[in-house]
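Only one structure is covered here, and it is reproduced in the block below.
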Amino acid sequence: MVGDSGASGTYFLMGAGKLYNMSSQGSLKFLVSDMNTNRLNPMPAGTTVTVSATSGISVSVSGTPIPSTSSATGASILYKFTDAAAGAISVTTTSPKGVATSYSFDVTTATTPDTGKSQCSQ
């Protein structure tokens with residue numbers, strides 16, 4: 001559940017790689033938090049999240065502004081590939097004092113290249 005810091009799942013650092021095999025439209029859920037590796041602390045109440053994308057991808061964001069809470073909260077990016085099969089999405093958080101942090105990551109509808117697949121034997 002987005003916003004539940006006790007939720008289980010796989011989380012990746014924003015901007016840590018390329019997202020492959022994405023559907024033509026969907027949503028990406030993420031936690032809006034500080035970078036404390038021991039505990040993901042919430043961002044200050046009133047922090048805003050904005051999103052943009054390269055040409056051919058439409059995006060919007062929900063879960064902003066960030067409420068006053070003791071846990072990191074979630075936000076979602078709604079995306080749609082309109083005239084492209086690949087591009088980049090950029091996310092910017094801006095604190096109430098105007099400190100902005102931006103991250104970008106590549107997205108594509110293509111499958112993972114063979115060189116990026118993990119090999120396992122049974």
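For segment 31-71, which residues satisfy the criterion of being among the small types (Gly, Ala, Ser), closer than 27 Å to Asn21 by Cβ and assigned to a loop (DSSP other than H, G, I, E, B)?
Once the filter is applied, which keeps residues that are among the small types (Gly, Ala, Ser), closer than 27 Å to Asn21 by Cβ and assigned to a loop (DSSP other than H, G, I, E, B), segment 31-71 yields Ser55, Gly56, Gly63.
Any idea how many residues of segment 88-111 are more than 24 Å from Tyr20 (Cα to Cα), part of a strand (DSSP E or B) and of a type in the set (A, V, I, L, M, F, W, C)?
1
Okay, residues lined up against (1) exposed (fewer than 14 other Cβ atoms within 10 Å of the Cβ); (2) at negative phi:
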{"residue": "Ala53", "(1), (2)": "no, yes"}
{"residue": "Gly56", "(1), (2)": "yes, no"}
{"residue": "Val61", "(1), (2)": "no, yes"}
{"residue": "Thr64", "(1), (2)": "no, yes"}
{"residue": "Thr69", "(1), (2)": "yes, yes"}
{"residue": "Ser76", "(1), (2)": "no, yes"}
{"residue": "Phe81", "(1), (2)": "no, yes"}
{"residue": "Ala85", "(1), (2)": "yes, yes"}
{"residue": "Thr92", "(1), (2)": "no, yes"}
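Quick check, is Val61 among the aliphatic types (A, V, I, L, M) and in contact (Cβ under 8 Å) with a residue 12 or more places away in the chain?
Working: among the aliphatic types (A, V, I, L, M): yes; in contact (Cβ under 8 Å) with a residue 12 or more places away in the chain: yes.
The answer is yes for Val61.
Could you please let me know if Ile57 is hydrophobic (A, V, I, L, M, F, W, C), in contact with a Leu (Cβ under 9 Å, 6 or more places away or on another chain) and modelled with pLDDT of 95 or more?
no
The values are calculated or read from the model by the stated rules, or taken from the named source; none is laboratory data. Remember, predicted model here, so these are calculated numbers, not experimental data. FYI the Cβ positions are ideal-geometry reconstructions off the backbone, even for glycines, and counts take in every protein chain you see.
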